[in-house]
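Working notes, beginning with the structure itself.
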Amino acid sequence: MSFDNVMLLSTLLPILIIGITAMVVFPLLTGLLRNGSHNRALLQNGQAAQASILKVWQTNVSMNDKPQFGFLLLVQPQQGQPFQAEAKMFVSLIQLVQTQPGTLVEVKYDPADKTRVAISAFGIPQPFYQGFPMAGQ
């Protein structure tokens, strides 16, 4: 290889690596930010309902040591028929026990588009404490 080819390669290789990295990372970051803004809008303006977690899966995405999980939910609106919807959420390891199938959660959803659902609070599975004495008893 001539000196000119080595110089050209050493100049183009970092540019190529940065370009490919940007093409991969940029869509991921914009998707995360867009989902976050949609969830914030839903949590502020959405219709409140209870839902039951039917299925949980890990999305293999994490942020600040919080893994993201996907949830299949059975949403039970105060008026109307129950419906299934999916939601994604970053969950701290402390909350992980509260994300099991059968757990009741509070959600907010868009009545105009019932595919848009955000989890606002995790509940405690109903059978978890049944039969156990409470502290101090």
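Before moving on, here are some points about what is shown:
- For the stretch 81-96, backbone phi angles converted through the Karplus equation (6.51, -1.76, 1.60; θ = phi - 60°) give residue-by-residue couplings of 7, x, 8, 9, 8, 10, 9, 10, 7, 7, 10, 6, 4, 5, 7, 4 Hz, Gly and Pro being listed as x.
- Length gained when the stretch Arg40-Ala121 is fully extended (0.36 nm per residue, less Cα-Cα span): 27.8 nm
- Between Ala112 and Met7, the simple label model (points 7 Å from Cα in the Cβ direction) yields a spacing of 6.0 nm.
None of the figures in this text is laboratory data; all of them are computed from the coordinates on show. Quick caveat, the model's predicted, so the values are computed rather than measured. Reconstructed Cβ throughout: ideal geometry from the backbone, glycine too, with neighbour counts over all protein chains shown.
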